[in-house]
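Student: Quick one: the structure is below, questions incoming.
The values are calculated or read from the model by the stated rules, or taken from the named source; none is laboratory data. All values derive from a computational prediction rather than experimental measurement. All Cβ positions, even for glycine, are placed from backbone atoms using ideal geometry, and neighbour counts span all protein chains on display. For accessibility, only protein heavy atoms count, side chains too; no ligands or nucleic acids. Shrake-Rupley method; radii C 1.70, N 1.55, O 1.52, S 1.80 Å.
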Amino acid sequence: MINYLQVEHISKRYGEKILFENISFFINKGQKIALIAKNGAGKTTILNIISEKDSPDTGKISKKNDVNISYLEQIPQLDENKTVLEQAFLSENKVVKAILDYDKAIKSNDKKALDESMIEMDTLESWNYEVKIKQILSQLKIDNFEQKINQLSGGQKKRVALANILINEPDLLILDEPTNHLDLEMIEWLELYLKKTKATLLMVTHDRYFLDRICNEIIELEDNVIYSYKGNYSYYLDKREDRLQNQQANIEKAKNIYKTELDWMRRMPQARASKAKYRIDNFYKIKEQAHKNIRENELTLDIVPRRLGKKILDIAHIFKSYGDFHLIKDFSYKFIQGEKIGIVGKNGVGKTTFLNLITGHLPLDKGILEIGETVVFGYYKQEGIYFKEDQKVIDIVKDIAEVIYLGNGKTLGITQFLEHFLFSKETHYNRVEKLSGGEKRRLYLMTILMRNPNFLILDEPTNDFDIVTLNVLENYLLNFKGNVLIVSHDRYFMDKIVDFLFVMKGDGIIKYFAGNYSHYRLSSQEEEKKIKKAENKVVKEKTKKVPVKKKFSFKEKKEFELLENEINNLENEKIDLENEINSAILNSKKLVEKSKRIGKIIKILDEKEFRWLELSELM
């Protein structure tokens, strides 16, 4: 087996905080490895060191000389002045460069350059590769190629960086949270792509289905020790629990020995000097082992919700639109106690708008919302809550309550409650600006739960939480006696928690589906197969009736290429407009303007797509 990379006894600290010390592992060709650790343990730092974005305090990284490595950072550093296409195609690969030159020649209508680039494409046999690249860009919804990087959102930049890495086809892929900012369709496509690729992989992800289906090995960093598991996530869970049970058994054994040794130390102080020194030294080692708690650094969620009455939430014939853009049309539902419901749908269909309507953050156009008198919403927003950067952690909690009621007569003071949520005493007076993304999210969740809500509304709650914390949150929600409504791209999370789904189809249509996300996806795939089969039948019938040309003319080929770009740009503009409308931050004048523009785009798209179909029949 060819060794690509070896991590040898590396250590890293920031000030007094030790992230990891003297850790080692290796990566061989063909391995697909996931790195798992709690937030703050140094997962991203390890990836940065391997990719030479950072350096260890001690130890070294040994690499095979000719191995090609690409690194997708959690927040990619891109050239803000480049276009999307330039950044996506940034490469030393001759094939990629030839495809880029070909696309430029088409757009500039330069016949000479086009002829030269087509010859180069033929020489390098780039045509099949071009199809693959366009598939990558299309699946990641990258179609406005001329847009500048500085005009993109953080999520769009992440997708451009991911496209660039996949296009370059490196020997070793290093990915830090690759599914962030991807919708469910993109995640499923990427999952299949990485599963099939021959590239070696090292990644950090909180998406457990993604991890389970791609990785064949897991390395876990815990308490400064590397544990290796030769299997996927399901295998890791079983073996990790075995390890913890063995460790707990060793602790129990140490406790029994400790009692005996402690009795000897107390009863015979005068004899200690004459006893073997090794027994005294051994006593302190046993004491340390006996007082270990392998579960002590896990988040504890045992807050009981307020009592919930019979009437929860009645929704009757609600509507919400922005101009001609319909988000919700005539939706009704009567919630009953204890329901756990997931909401799914493509980006821009109005999932967050639906949550904002329920919680009163947005007004209805029409319809009735009746909320039960005992209902207390706990709304975890996707964008989080605004904390002032100079606020202290303890002051944020004090502003809400001095005493936290856990239920069943139990209470906690502020400092105890902060420790309950893994904020050590030395962090209580830290300012928000010093917190990591995961710590801010944990603090945000804490401020919601400490109000003892009985109806939790969660919009993308899994972002920035480590896998251990996610498991704790899931177990809490499974035992939660109130109602739960969830929007999430985390399929594992949805499958584990929800009983059924609201499926937002677009154009304001919301359908009820009895089952979790995996059940829904299987059902959708079967439906898609039936539709494609019917469409193929129609195409075959048309093909029989209408004679077709065997080959494009040069002019038709050029028109076809230009139409593809124009359609992609229009679709991208439409998606941007839909997202703006759905953001709930536009005034009424802007909403009308954006809605009218969407109407015009739809008409133009219909014309161009019809012509594209005409030309495609000539292929």
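Student: Quick one: would you say Lys381 is at pLDDT 85 or above, touching a strand residue (DSSP E or B) at 6+ places or on another chain (Cβ under 9 Å) and surrounded by 15 or more Cβ atoms within 10 Å (Cβ to Cβ)?
Tutor: Taking the combined requirement at face value, the residue satisfies it.
Student: What is the number of the single condition among (1) more than 21 Å from Lys381 (Cβ to Cβ); (2) assigned to a strand (DSSP E or B); (3) in contact (Cβ under 8 Å) with a residue 12 or more places away in the chain that Lys511 does not meet?
Tutor: (3)
Student: If you go through segment 126-142, how many residues are modelled with pLDDT under 80 and in a loop (DSSP other than H, G, I, E, B)?
Tutor: Total satisfying the criteria: 1.
Student: Looking only at segment 243-271, how many residues end up being open to solvent by 80 Å² or more (accessible area, probe 1.4 Å) and at pLDDT below 65?
Tutor: Total satisfying the criteria: 3.
Here's the yes/no breakdown for (1) out of contact with any helix residue (DSSP H, G or I) (no Cβ under 7 Å at 6 or more places or on another chain); (2) at pLDDT below 90:
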residue: Leu327; (1), (2): no, no
residue: Tyr333; (1), (2): yes, no
residue: Ile336; (1), (2): yes, no
residue: Lys351; (1), (2): yes, no
residue: Phe354; (1), (2): yes, no
residue: His361; (1), (2): yes, no
residue: Val375; (1), (2): yes, no
residue: Phe387; (1), (2): no, yes
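Student: Next up: When Pro56 is evaluated against the numbered criteria (1) under 30 Å from Gln147 (Cβ atoms); (2) touching a residue at least 40 places away in the same chain (Cβ under 8 Å), which criterion, by number, is the only one it fails?
Tutor: The failed condition is (1).
Student: Taking segment 354-364, which residues are under 26 Å from Glu571 (Cα atoms) and not in a helix (DSSP H, G or I)?
Tutor: The answer is none; no residue qualifies.
Student: Given (1) within 20 Å of Ile343 (Cα to Cα); (2) open to solvent by less than 10 Å² (accessible area, probe 1.4 Å), identify the lone condition not met by Phe465.
Tutor: With (1) within 20 Å of Ile343 (Cα to Cα); (2) open to solvent by less than 10 Å² (accessible area, probe 1.4 Å) applied to Phe465, the lone miss is (1).
Student: Follow-up. So is Glu460 within 26 Å of the chain's Cα centre (by Cα) and either touching a residue at least 60 places away in the same chain (Cβ under 8 Å) or open to solvent by less than 10 Å² (accessible area, probe 1.4 Å) (or both) or not?
Tutor: Taking the combined requirement at face value, the residue satisfies it.
Student: Name the single residue that is farthest from Gly154 (Cα to Cα) among those in segment 84-142 being among the hydroxyl-bearing types (Ser, Thr, Tyr) and open to solvent by 70 Å² or more (accessible area, probe 1.4 Å). Outline the logic, then answer.
Tutor: Narrowing segment 84-142 to residues among the hydroxyl-bearing types (Ser, Thr, Tyr): 91, 102, 108, 117, 123, 126, 129, 138.
Okay, now just the ones that are also open to solvent by 70 Å² or more (accessible area, probe 1.4 Å), so 108, 123, 138.
Working: Ser108: 30, Thr123: 38, Ser138: 18 Å.
Step by step, filter segment 84-142, then rank; the result is Thr123.
Student: For Phe26, work out the one condition from (1) open to solvent by 60 Å² or more (accessible area, probe 1.4 Å); (2) within 24 Å of Asp212 (Cβ to Cβ); (3) modelled with pLDDT under 90 it doesn't fulfil.
Tutor: (3)
Student: Turning to a different aspect of this structure: Confirm whether Arg240 is closer than 13 Å to Ile467 by Cβ and either assigned to a helix (DSSP H, G or I) or open to solvent by 60 Å² or more (accessible area, probe 1.4 Å) (or both).
Tutor: For Arg240, the condition - closer than 13 Å to Ile467 by Cβ and either assigned to a helix (DSSP H, G or I) or open to solvent by 60 Å² or more (accessible area, probe 1.4 Å) (or both) - is met.
Student: Now for a different question. Pairs under 6 Å by beta carbon, first residue of a type in the set (A, V, I, L, M) and assigned to a strand (DSSP E or B) in segment 489-503, partner modelled with pLDDT of 90 or more and open to solvent by 10 Å² or more (accessible area, probe 1.4 Å), six or more apart or different chains?
Tutor: Taking only residues 6 or more apart or on different chains, the pairs are Leu501/Phe513; Leu501/Tyr520; Val503/Lys511; Val503/Phe513.
Student: Among the residues of segment 302-321, which ones are assigned to a strand (DSSP E or B) and open to solvent by 20 Å² or more (accessible area, probe 1.4 Å)?
Tutor: Within segment 302-321, Asp314, Ala316, His317, Phe319, Ser321 qualify.
Student: Go through (1) closer than 26 Å to Pro363 by Cβ; (2) at pLDDT 70 or above for Glu614 and report which single condition fails.
Tutor: (1)
Student: Something else: List the pairs whose first member sits in segment 150-171 and is in contact (Cβ under 8 Å) with a residue 24 or more places away in the chain, whose second member is of a type in the set (Asp, Glu) and exposed (fewer than 15 other Cβ atoms within 10 Å of the Cβ), and whose Cβ atoms are under 9 Å apart, counting only residues at least 6 apart or on separate chains?
Tutor: These pairs meet every condition: Asn150/Glu80; Asn168/Glu92; Asp171/Asp66.
Student: Considering (1) under 36 Å from the mean Cα position of the chain (by Cα); (2) modelled with pLDDT under 75, say which one Lys537 fails and leave the rest.
Tutor: It is condition (1) that Lys537 fails.
Student: Among the numbered criteria (1) at positive phi; (2) modelled with pLDDT under 80, which one does Asp507 miss?
Tutor: Going through (1) at positive phi; (2) modelled with pLDDT under 80 one by one, Asp507 breaks only (2).
Student: Can you tell me which residue among Glu370, Glu402, Glu383 is of a type in the set (Asp, Glu) and touching an Asp or Glu at 6+ places or on another chain (Cβ under 6 Å)?
Tutor: Within the list Glu370, Glu402, Glu383, the selection yields Glu370.
Student: Still on this model: Look at Ser436 and say whether it is under 18 Å from the mean Cα position of the chain (by Cα) and hydroxyl-bearing (Ser, Thr, Tyr).
Tutor: yes
Matching residues to (1) of a type in the set (A, V, I, L, M, F, W, C); (2) at pLDDT below 85:
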| site | (1), (2) |
| --- | --- |
| Asp459 | no, no |
| Asp464 | no, yes |
| Asn475 | no, no |
| Gly482 | no, no |
| Tyr492 | no, no |
| Lys496 | no, no |
| Phe500 | yes, no |
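Student: Restricting the search to segment 408-450, which residues are β-branched (Val, Ile, Thr) and in a helix (DSSP H, G or I)? Break it down stepwise before answering.
Tutor: First, the residues of segment 408-450 that are β-branched (Val, Ile, Thr): 411, 414-415, 427, 432, 447-448.
Within segment 408-450, Ile414, Thr415, Thr427, Val432, Thr447, Ile448 qualify.
Student: Right, here's the next one. State whether the residues of segment 7-21 include one that is exposed (fewer than 13 other Cβ atoms within 10 Å of the Cβ), without any contact (Cβ under 8 Å) to a residue 60 or more places away in the chain, closer than 26 Å to Lys141 by Cβ and not aliphatic (A, V, I, L, M).
Tutor: The answer is no; no qualifying residue exists.
Student: Which of (1) surrounded by fewer than 16 Cβ atoms within 10 Å (Cβ to Cβ); (2) at negative phi is the odd one out, the single condition His428 does not satisfy?
Tutor: (1)
Student: Give Asn582, Asn516 a once-over and let me know the one that is open to solvent by less than 80 Å² (accessible area, probe 1.4 Å), at pLDDT 70 or above and more than 25 Å from Gln135 (Cα to Cα).
Tutor: Asn516
Student: Next question. State whether one or more residues within segment 338-353 are in a helix (DSSP H, G or I), open to solvent by less than 30 Å² (accessible area, probe 1.4 Å), touching a residue at least 60 places away in the same chain (Cβ under 8 Å) and closer than 24 Å to His181 by Cα.
Tutor: yes
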